[in-house]
Amino acid sequence: MSFKSQLIGRIGEELTREEIELVPAGFQKVGDKIIVNLPLELEDKYQVIGEGILLIFPSIKSVYVKVGEITGELRRPQIELIAGVDNSIVENLENGVWYCYDAKKIMFAKGNVSERGRLPKLVTEGEIIVDMFVGIGYFSLPIAKLAKPKKIYGIDKNKDSIYWLKKGIEKNKISNIEVIEGDSKKVVGELLSRGVIADRVLMGYLPEPVEFIPYALSILKKGGIVHYDALIRTDNVKEDLQRVKALFEESGRKAKIVNPQRVKSYRPKVDHYVVDLKIY
Ligand SMILES: C[S@@+](CC[C@H](N)C(=O)[O-])C[C@H]1O[C@@H](n2cnc3c(N)ncnc32)[C@H](O)[C@@H]1O
C-alpha cells in the first residue's frame, strides 16, 4: 500500500477532502528520521500528519517538515520538528558506508545515491583525488572506504560539514582522507605549492561550479578525470554537453567527455548530470 494511502488510513478522518489531495506521495527517510515536504495550506495539520507517520513507521523517532529551500552556497536546509523527539543528528548506513550529519544544518541528497555507488568503482588503486566540495563526504567517504585511493584531499568551507566529515571518517575507520577547511579556490593553490597533482577532481556542486573549472584544471594531471555537476536541458542534451566540454577547453586544454551520467531530475525539463571528462 502506498505511503499516502497508509497515512490516510490512519488520519484520514482528521483531514478534509481538499487536504487529503495535498498530502504528498513520498518522503525522505534518513536513519530513524523522516523529512516530509508539506504545503503551507496543511500547516494546521502538520502535527497530525507527523503523528500519523510515527504510527505507520514504528522505527521512526522524529518527523521533520521542510520549511524552506536549501539555501546559500553552504547549502543549508531548513527543517522543523512536527512529531517525535527533536534529534536531528543522523547516522545513516548506505551501501556499507556511514554518513553522519545534523539534518538541520546539512543537506543530504538521497537522489545522488547512484553517484555514491558509481564513483568508487571508477577509482583505481593509488589515485590522488581532490574533492573540491567534500561536504560531509558524500563521495569521498564511499571512495575511501570501497576503493583504494592513495589519498583524498577533501575541501569544504562550511565548518559544520567539516565537523561531520571528521565524524564520518572516524565512524568508517578511514585513514586516507586529508580534511581541509577553506575555499577550494585558495586551497587548490596551497596543495599545488605542496606539489600535489591529482589523478581525479570531484566538482560536486550545483548550480554548476563554472568559476572553479580553472582551479580544478590547474591541479589535474594530463589524462586525469574530472567529475563535473552539470544542469542539462532534457530536450537539448547534446548541445548542453558540448557547452560543458567547451567550458573545459576554454583554458586551452583538450577535454573528452567519457561519460555523461544522468543523476536525477533537477527541475522540470532540466536534469542533474555528472559529466566525466578526461582532460589532456
Ligand atoms: C551540497 S554539497 C555537495 C553535495 C554533494 N556533491 C552531493 O551531491 O550530495 C556542496 C558543498 O560545497 C561547499 N562549498 C561551497 N562553496 C565552496 C567553496 N568555495 N570552497 C569549498 N567548499 C565550498 C558547501 O559548503 C557544501 O558543503
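Please treat every number below as a calculation from the coordinates, not as lab data. Since we're looking at a predicted model, the values are computed, not measured. Every residue, glycine as well, gets a Cβ built from its backbone with ideal geometry; the counts of neighbours run over all protein chains shown.
Largest mean-square fluctuation among LYS186, LYS157, LYS167, in a Gaussian network model of the chain whose springs join Cα atoms under 10 Å apart, belongs to LYS186. Among the listed pairs LYS110/LYS238; LYS173/LYS238; LYS33/LYS148, which have their C-alpha atoms separated by more than 30 angstrom in this model? Pairs exceeding 30 Å: LYS173/LYS238; LYS33/LYS148. Using the Karplus relation 6.51 cos²θ - 1.76 cosθ + 1.60 with θ = phi - 60°, the per-residue 3J(HN,Hα) values for region 51-63 come to 5, x, 5, 4, 5, 5, 10, x, 7, 7, 9, 9, 10 Hz, with x marking Gly and Pro.
Please report the spacing between the Cα centers of region 108-134 and region 135-186 in Å, no decimals. Each part reduced to its Cα centre gives a spacing of 11 Å.
Assuming charge only on the beta carbon of Lys and Arg (+1) and of Asp and Glu (-1), the dipole of the chain about its Cα centre is about 1360 debye to the nearest 20. Regarding region 3-87, what is the average projected area of its C-alpha convex hull, in nm²? It is 5.6 nm². Comparing VAL270, VAL23, VAL258 along the charge dipole axis of the chain, the residue lying farthest to the positive side is VAL258, per the Cβ-charge model. When both region 225-280 and region 15-39 are represented by their alpha-carbon centers, they are found 33 Å apart. Comparing VAL187, ILE232, SER175 along the charge dipole axis of region 131-241, the residue lying farthest to the positive side is SER175, per the Cβ-charge model. Put in line by how crowded their Cβ is, counting other Cβ atoms within 10 Å and starting with the fewest, LYS105, LYS61, LYS256 read LYS256, LYS61, LYS105. Please name whichever of ASN87, MET132, PHE57 sits farthest to the positive end of the charge dipole of the chain, dipole taken about the Cα centre and charges placed at Cβ: Lys and Arg +1, Asp and Glu -1. With unit charges placed on the Cβ atoms, the residue in question is MET132.
In the chain, helices alone account for a calculated mean residue ellipticity at 222 nm of -9000 deg cm²/dmol, with every DSSP H run of four or more residues adding -39,500 (n - 2.57).
Between ASP229, ASP44, ASP183, the residue with the greatest mean-square fluctuation in the GNM of the chain (Cα pairs under 10 Å linked by springs) is ASP44.
Volume per residue for the chain equals 134 cubic angstrom (convex hull of Cα atoms). Charges were assigned to the Cβ only: +1 to each Lys and Arg, -1 to each Asp and Glu. The resulting dipole of region 3-87 about its Cα centre is roughly 440 debye.
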